[in-house]
Structures are given as C-alpha cells and as structure tokens.
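Student: Structure provided below as structure tokens; questions to follow.
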Amino acid sequence: MRRIWVKTHRWVALSVGWILSLVGLLGAILILAQPLDKWMHPELFKAEVATSAAAANTVPVTLEEIRKQLISEFGNKSNFTLRPPRVAGDTYWVIVRGEPWSGTVYLNPTTGREQGRRGEYDGFVNFTFKLHSALLLKDTGKAILAWISLAYLILLISGLILWWPKRWPPSLKIELGKGLLRGLFDMHRIGGAVLGLLIAVSVATGAYMAWRPLGQFVTTLSGSDAIKPPVLSKEEAAKPAIVTLDQLVARGHAVFPTDPITYVQLSAKPNQPVRLRLLLADDPHPNGLTSVYLHPKTGEVLAAYRWDQLDPGARAFSFVYPLHTGELGGIALEALTFLSGLALGMLGITGIWLWWRRRP
C-alpha cells in the first residue's frame, strides 16, 4: 500500500501539483507586491492636489460628467465599475470592461482629470494577479484551477499517510548536516505535515472564489433559492432617462445612508440595473456585499439585499474572500496567508527536485 501511496503522491504532484505550487507562490508575492505597487506609483493611486487658488475653488466633477466622459471615449458597449476613494487623498478608479480595451482608469476625484491608466494585463501586479487567479485564461482558467484544487486533497492525504510516524510525538527535526538531498526531503515531508491544513484553507477558499458553480452548489445543497438581480423588461429599458447618475446614486445610498459605497456598477446592457455595492459595519468582506439595484433611467430602487440576506452560497463570499487574502484577521492572518503561499511553492520546488535527483 505504501508503494501505491508513493506513486499516487508523486504523479499527481508532477502532473498538476506544480500548478498549485506556482499559484500559491504568486499569491504570496501579491501580498507584498500590491502595497509596494501603490507606493511606487503614487501618480495612479494618490490624487493630485490643486496648486493654485483658482484650481482649489474648482467645483467638484459630477458622476454624470464622468459617465459621459467614459462613454465618449470607450463607447456605450463597455461596462464601467466606479470605485470611489476609500480614504482621503485616493484617486477615483474606473474599471473598464469592453472592446477593444479593458483596464483601470485613475481619475482625480475633484477635477475628473485622468492621472493614468493600466490595461487589464499591464504592470507586474496586474499580470501576476491574472496568472494567479485564472492562469491568464479568464473563466476557463478559473474552472481549471478549481478542479486542480481537488488534487491538493489527494496530495495532502497521501502525504500525511506517508509521513505518519510510528511513534509519537513525531520528530520535526530537519537534518541540514547530512547533505542537500536529505535536508530538502525533511523540509518537504515536515513542511507538508505541519503546514498542510493551513495551505488547505488557502487552496479551498481560492477554489471557491475561482469557480462560481461551487457557490451555486452550496445554495442548492442548503435547499435555498439563489438571489438574482432584477432584469428590466423591454418597455422599462426603453424609457427615457430622467435622472442623472448623481441623483440615481443618491437615491440608492438613501437605503443605507450611513454606510459607504464601494462600487457603482454600470452595465452596457439596457435591461440591466445599476448596482451599488456598500460596506455595512457588520460585513466582514472588505469591499462589502450589500447591494442596491436601481432603474438606470428613473432611479427607482428595484431591490436591496443586505449581505446577510443573500443565499448561503453568495453569503459565504463575505468570509471566504477575506479569509483567502488574510484581511479577515488583520496582519497576523495576512502573515499566515503569506506563509501558506510560500510553503505551497516550497513543496512544489522541493518535490520536483527530489524526484529529479532520485530518478533511476
């Protein structure tokens, strides 16, 4: 049986396990790279301050003006997600999804002037994130990662069986004085046994976020119905616009007036409502999952869902996302998340090295 477990562990790792190791290592890199990116590129993330009295007295740009500016440049077939500044001094982000360009535009929140832009895959952080989250294959890559994550379960079980000591407590000593091969073997074996469950949390939460059908499965399994956003009829979608985007957002914000808006999502499809996302005080998700849906032409509130009123599969994202990124537990959990990513990468590197050196 041990020989079977060895072969199972080895060939699952060599076939798809190395992809998990790469993704884990990239995740650890992102934890450090994202704050460094903001520090290195203040022109994108910090709003420029007015330098003259006339500029200081400029009337702040409206959301309606920003929307018209975006449609003028990118066309009315592009989707726009507006991200207001989270803290004073931040820029206003606009995430553009369309053809021929997708990416993020960074605007001055007072003047509306563009301070810079990045394409969807531009820059080290964007490229690394796309590789980490979808293997650069968009939805197909997310599905692949979700299925590959099941391989980690096989690797964890088989690895623990092969490591399981005959005597307890087990020895966790890494022999560094008996050659490189022995040292790497101990690192691989003991590292997998000690950190295996921590890594499993990162892998499982990443798979849950990557592949939406997992959330739908949880909702179905719970016996609940999935909450879906409202859809406008052709007659409603054809109505003339009678409110500005500023008025529309104000009406939506009035539903939860004390909570900040984190995103304003504008769909290119005429039958899709405008969606406001808000961060309620009791929501663990750093971006908030509470939603208000509004008629894009009249500003009528079509639906409003608190994060804790969502179906179980969707509600789980409030905890799964910050657990995966480490934001749920502050700097301590972020450090553990960073460690799990490094450990997953280490297991892949040491495993491949050991296999290569022990080949017949």
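The values are calculated or read from the model by the stated rules, or taken from the named source; none is laboratory data. What you are looking at is a predicted structure, and each value in this text was computed from that prediction instead of being measured. In this analysis, Cβ positions are derived from the backbone assuming ideal geometry, glycine residues included, and neighbour counts consider all displayed protein chains. We work out accessible area using only protein heavy atoms, side chains counted, and drop any ligands, DNA or RNA first. Shrake-Rupley method; radii C 1.70, N 1.55, O 1.52, S 1.80 Å.
Student: When the dipole is taken about the Cα centre of segment 121-198, and only Lys, Arg (+1) and Asp, Glu (-1) are charged at their Cβ, what size is it in debye, to the nearest 20?
Tutor: 340
Student: If you line up the long axis of helix 212-222 against the longest principal axis of the chain, both from Cα atoms, how many degrees apart are they, to the nearest 10?
Tutor: Result, in degrees: 90.
Student: Quick check: pseudo-label points 7 Å beyond the Cα along Cα→Cβ at residue 197 and residue 147, how many nm apart are they?
Tutor: 3.1
Student: Moving to a separate point now. Taking a cut-off of 16 Å between Cα atoms, list the aspartates and glutamates near residue 77, but don't count ones fewer than 8 places away on the same chain.
Tutor: The qualifying aspartates and glutamates are 99.
Student: On to the next question. As I understand it, the dipole of segment 204-360 uses +1 on the Cβ of Lys and Arg and -1 on the Cβ of Asp and Glu, about the Cα centre. Which of 343, 260, 291 lies farthest toward its positive end?
Tutor: Sorting the options by dipole projection puts first 343.
Student: Now for a separate question. How would 217, 256 rank on accessible area, largest to smallest, probe 1.4 Å?
Tutor: These residues rank, largest area first, as 217, 256.
Student: Quick one, can you get me the convex hull of the C-alpha atoms of segment 1-44 expressed as volume per residue in Å³?
Tutor: Cα-based convex hull of segment 1-44, divided per residue, equals 60 Å³.
Student: Ignoring ligands, DNA and RNA, what percent of the accessible area of segment 183-309 is carbon or sulfur (1.4 Å)?
Tutor: 61
Student: Sticking with this one: Give the residue from 165, 320, 223 lying farthest towards the positive end of the charge dipole for the chain; charges sit on Cβ (+1 for Lys and Arg, -1 for Asp and Glu) and the dipole is referred to the Cα centre.
Tutor: 165
Student: Next up: In angstroms, what radius of gyration and Dmax does segment 300-359 have, counting Cα atoms only?
Tutor: 19.5, 68
Student: Cα axis of helix 2-12 to longest principal axis of the chain: angle in degrees, 0 to 90, nearest 10?
Tutor: The two axes meet at around 30 degrees.
Student: I'd like to check one number: the per residue accessible area of segment 149-267, probe 1.4 Å, reported in Å² as a whole number.
Tutor: 61
Student: Here is a follow-up. Just to be sure I understand: if I project the alpha-carbon convex hull of segment 94-247 onto a plane and average over all orientations, what area do I get in nm²?
Tutor: 17.8
Student: Compute, for the chain, the length of the dipole vector about the Cα centre, with Cβ point charges of +1 (Lys, Arg) and -1 (Asp, Glu) only. Units Debye, rounded to 20.
Tutor: Magnitude of the dipole: close to 1900 debye.
Student: Here's a follow-up. What's log10 of I(q)/I(0) for segment 1-117 at q = 0.15, 0.22 Å⁻¹, Debye sum over Cα points only, no solvent?
Tutor: -0.79, -1.21
Student: Please list the equivalent ellipsoid semi-axes of the chain, computed as the square roots of five times the alpha-carbon gyration tensor eigenvalues, in descending order and whole angstrom.
Tutor: For the chain, the semi-axes come out at 46, 24, 18 Å.
Student: Report, ordered by chain and residue number, the lysines lying within cross-link reach of residue 7, taken as a straight Cα distance under 29 Å and ignoring same-chain residues fewer than 8 apart.
Tutor: In chain and number order, the partners are 142, 166, 173, 178.
Student: Could I ask something else about it? May I ask you to list the trypsin sites (Lys or Arg not before Pro) in segment 235-289 that are in a DSSP loop and have at most 11 other Cβ atoms within 10 Å of their Cβ?
Tutor: Here no loop site has a sparse enough neighbourhood.
Student: With only Lys, Arg, Asp and Glu charged, each at its Cβ (+1 for the first two, -1 for the last two), find how big the charge dipole of segment 272-331 is about the Cα centre; round to the nearest 20 debye.
Tutor: 220
Student: For helix 180-210, what angle does its Cα long axis make with the longest principal axis of the chain, in degrees from 0 to 90 and rounded to 10?
Tutor: 30
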